[in-house]
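Report on the following structure.
The values are calculated or read from the model by the stated rules, or taken from the named source; none is laboratory data. Owing to the predicted nature of the structure, the values given are computational and were not obtained by experimental measurement. Here the Cβ positions follow ideal geometry from the backbone for every residue, glycine too, while neighbour counts run over all protein chains shown.
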Amino acid sequence: MPARLDPFALPHKGLRLALGRLIAATGSVDPTDDIGVHAAVDIARSTFGFLRAHARIEDQIFYPALETRRPGVTSVATAEHHGLEAQVEQLAVLTELTVAAPVPERFALVATLYADAARFAGAYLQHLDMEERTIRPAFWDAYADEELLVLMGQSMAAMNPEDRQAALPYILPALNVHERVGWLSGMRGNLPLPVFDGILALAEKVLSATEFKATTTRLGQ
């Protein structure tokens with residue numbers, strides 16, 4: 001039986017990579033190293049931007065679409081979204097306090113940021129797993145792959161440049177080459193050429209030279 005189209009596969013892979021990098025960055029940063037602190041904060045900010053964009057797309061596109069055919073199936077996930085989104089904003093505030101603090105105060109703030117980020121990541125990973133175990137099968141039951149493809153296209157169209165800048169540096173390297181080429185092929189047919197060229201330029205920055213060459217060769221670029 002052919003594999004079904006998975007609306008969660010690409011963003012969820014990217015989110016898992018982003019959360020791993022967030023934990024690694026906040027856990028390993030030297031509070032006395034201004035450059036290192038700013039680099040860790042950049043990772044945190046981009047991760048939060050990705051999380052916000054993903055939540056907005058699910059709340060505005062995917063969940064309402066599923067509710068029209070399977071009323072009530074997203075209620076638990078929606079409630080979890082509210083709690084997780086509040087935690088993202090709390091982490092964002094703590095991140096800005098950390099980067100603005102004088103060095104002597106950073107030690108405690110960095111330790112708190114790491115602990116809170118790790119705790120959040122644990123909760124968020126459980127949420128992703130729940131979606132894949134309950135929401136994804138509901139989508140497969142309610143929607144044909146052709147309809148899911150339309151929803152996925154709507155989600156890409158709903159991403160503004162800031163969303164793409166936050167999400168794609170995590171999604172692109174998190175995918176295997178087959179997933180990456182399939183996704184980029186779909187975008188090439190649905191996005192204005194300058195936007196697609198910008199995505200390829202970003203891919204060249206975030207992928208290894210070998211990964212980028214394999215990707216562009218299969219795309220026929």
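Any chance segment 27-47 includes a residue that's without any contact (Cβ under 8 Å) to a residue 60 or more places away in the chain, under 24 Å from residue 81 (Cα atoms), in a helix (DSSP H, G or I) and touching a Lys or Arg at 6+ places or on another chain (Cβ under 9 Å)?
Yes: one or more hits.
Look at residue 106 and say whether it is part of a helix (DSSP H, G or I) and under 20 Å from the mean Cα position of the chain (by Cα).
Spelling it out, it is not the case that residue 106 is part of a helix (DSSP H, G or I) and under 20 Å from the mean Cα position of the chain (by Cα).
Name the single residue that is modelled with the lowest pLDDT among those in segment 177-202 being more than 15 Å from residue 10 (Cα to Cα) and of a type in the set (A, V, I, L, M, F, W, C).
My answer is 191.
Scanning for something hydroxyl-bearing (Ser, Thr, Tyr) and surrounded by fewer than 19 Cβ atoms within 10 Å (Cβ to Cβ), does segment 89-100 turn up at least one residue?
For segment 89-100, residues hydroxyl-bearing (Ser, Thr, Tyr) and surrounded by fewer than 19 Cβ atoms within 10 Å (Cβ to Cβ): absent.
One residue is enough: does segment 95-111 have a residue meeting the conditions closer than 25 Å to residue 165 by Cα, touching a Leu at 6+ places or on another chain (Cβ under 6 Å) and in contact (Cβ under 8 Å) with a residue 40 or more places away in the chain?
yes
With respect to residue 73, determine if the residue is in contact with a helix residue (DSSP H, G or I) (Cβ under 8 Å, 6 or more places away or on another chain), hydrophobic (A, V, I, L, M, F, W, C) and not in a helix (DSSP H, G or I).
Considered against the rule, which asks whether it is in contact with a helix residue (DSSP H, G or I) (Cβ under 8 Å, 6 or more places away or on another chain), hydrophobic (A, V, I, L, M, F, W, C) and not in a helix (DSSP H, G or I), residue 73 comes out as yes.
Across segment 70-82, which residue is surrounded by the most Cβ atoms within 10 Å (Cβ to Cβ) among those that are under 24 Å from the mean Cα position of the chain (by Cα) and touching a residue at least 24 places away in the same chain (Cβ under 8 Å)?
If we take residues in segment 70-82 being under 24 Å from the mean Cα position of the chain (by Cα) and touching a residue at least 24 places away in the same chain (Cβ under 8 Å), then 74 is surrounded by the most Cβ atoms within 10 Å (Cβ to Cβ).
Tell me, yes or no, whether segment 135-150 has at least one residue that is within 25 Å of residue 42 (Cα to Cα) and either of a type in the set (A, V, I, L, M) or surrounded by 15 or more Cβ atoms within 10 Å (Cβ to Cβ) (or both).
Taking every residue of segment 135-150 in turn, none turns out to be within 25 Å of residue 42 (Cα to Cα) and either of a type in the set (A, V, I, L, M) or surrounded by 15 or more Cβ atoms within 10 Å (Cβ to Cβ) (or both).
For segment 57-70, which residues satisfy the criterion of being in a helix (DSSP H, G or I), of a type outside the set (Ser, Thr, Tyr) and in contact with a helix residue (DSSP H, G or I) (Cβ under 8 Å, 6 or more places away or on another chain)?
57, 58, 59, 61, 62, 65, 66, 69
Looking at segment 191-221 only, could you name the residues that are in a helix (DSSP H, G or I), among the aliphatic types (A, V, I, L, M) and under 21 Å from residue 152 (Cα atoms)?
Answer for segment 191-221, where residues must be in a helix (DSSP H, G or I), among the aliphatic types (A, V, I, L, M) and under 21 Å from residue 152 (Cα atoms): 193, 195, 199, 200, 202, 203, 219.
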